[in-house]
1. Using Cα pairs under 8 angstrom and six or more residues apart, how large is the relative contact order of the range B:44-128, in percent?
2. How big is the dipole moment of the protein assembly as shown about its Cα centre under a simple scheme where the beta carbon of each Lys and Arg is +1, that of each Asp and Glu is -1, and everything else is neutral? Debye, nearest 20, please.
3. Please build a GNM for chain A, connecting alpha carbons under 10 Å apart, and tell me which residue among A:ARG80, A:ARG147, A:ARG42 fluctuates the most.
4. Applying the Karplus parametrisation 6.51 cos²θ - 1.76 cosθ + 1.60 with θ = phi - 60° to the phi angles of the range B:142-154, what ³J(HN,Hα) value in whole Hz is obtained for each residue in order, glycine and proline being reported as x?
5. How large is the charge dipole for chain B, taken about the Cα centre, if only the Cβ atoms of Lys, Arg (+1) and Asp, Glu (-1) carry charge, to the nearest 20 debye?
6. Per 0.36 nm of contour for each residue apart, how much would the distance between B:SER33 and B:ARG157 grow if the chain were fully extended, relative to their Cα-Cα spacing?
7. How would you rank B:ILE60, A:ILE10, going from fewest to most other Cβ atoms within 10 Å of each one's own Cβ?
8. In a shell of Cβ-Cβ distance under 13 Å around B:ARG58, excluding B:ARG58 itself, what net charge do Lys and Arg (+1) and Asp and Glu (-1) give?
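Any read-out appearing in this document is the output of simple, stated calculations on the displayed coordinates, not a laboratory observation. Everything quoted here is computed from the prediction, not taken from an experiment. All Cβ positions, even for glycine, are placed from backbone atoms using ideal geometry, and neighbour counts span all protein chains on display.
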Amino acid sequence: MTIPDLDRRIIAATTGGLPLTPAPFAEVASWLGVPEGTVIDRMAAMQGAGVIRRVAIAPNHYALGLTANGMSVWDIDDARAIDLGAQVGALSFVSHCYLRPRADGWPYNLFAMIHGHNRDEVETLRAQIATLLGPSCRASDILYSTRILKKTGLRLTEGGL
Amino acid sequence: MTPLRRTPLAPDALDTTDRAIINRMQDGLPLVSHPFAALAKDLGLEEDALIARIQAMREIGAITRFGPFYDAEAMGGAFCLCAMAVPATRFDAVMTLVNAHPEVAHNYERTHRLNMWFVLACEKAAQIKQTADRIERETGLPVLLFPKEHEFFIGFRVTA
């Protein structure tokens, strides 16, 4: 996809966020030297095209008590993977949900990141997913992060990489 | 930008209005000249008071940012989740080699035989494989690639 130059400038100006003022798009427009309506129209077009998912706040789930998370992985029957993955992704406690290829010694094709207040809660939520998947799931595991080894300022997405 | 707070706030750090703001504002604001106005009215606040609360919550680390969430892939970037099984005795040395690559956006140690999981972020898709190959040569260890084959719509919301 090619992104028009003005959109690129809007993206560059707002990847770090919008100014917290009553009319934030007018302020961005003043930085770029274009009318407020142009910024709003271009951002609406980008939202329509899926380049912008939404304009919202990002709560810090650690600060709000969701300090435990685990990467749950599931070996799902390929024929049901799209349908079941959609149901798992829709759960309020799953922050990322993808199908990925299997590998040697790695039978899992569905990845779902689970967030909870503690590890016991994460395990309870994982059991809910297992119930939802039923016999279409042949094996599963969960990987907890024990250390952040590197984290750069990549802020373009919600971390759903 | 201040580092991300990773510990819970005191239970009384947010009042019920703050919590309502967090719960409502995760779903997205309208793209209009005054995007806070409708929500302020719903919450019985002046627009300025709503904005001041958002600002204060950002300062104490309850909110990490306000703004558009961009889909990096829709903008043309290439990303891939990768994993390695690193022997415990070499873990720190391998971590240093992996992290030295600017394409490594983040990297986590995880509880599994595959104990190192990182994301490669490149401008072009071909660079993913090239970077993974380079890491394999430098470390002598296989790098497994787990590219996204399908991304599901996410219903994740934090209840404040």
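1. Details: 85 pairs, mean separation 26.4, N = 85.
So the answer I get is 31 percent.
2. On the way: 32 positive and 35 negative charges, 125 e Å.
Here the protein assembly as shown has a charge dipole of around 600 debye.
3. Checking each option, the largest mean-square fluctuation is seen for A:ARG147.
4. Whole-Hz 3J(HN,Hα) from phi for the range B:142-154: x, 10, 8, 9, 10, x, 4, 9, 7, 10, 8, 4, 9.
5. On the way: 17 positive and 20 negative charges, 89 e Å.
I would put it at about 420 debye.
6. Values: separation 124, 0.36 × 124 = 44.64 nm, distance 2.59 nm.
Computed gain between B:SER33 and B:ARG157 is 42.1 nm.
7. Values: B:ILE60 15, A:ILE10 25.
Ascending Cβ contact count within 10 Å gives the list B:ILE60, A:ILE10.
8. Numbers: positive: B:ARG5, B:ARG53, B:ARG65; negative: B:ASP18, B:GLU59.
Around B:ARG58, the surrounding residues sum to +1.
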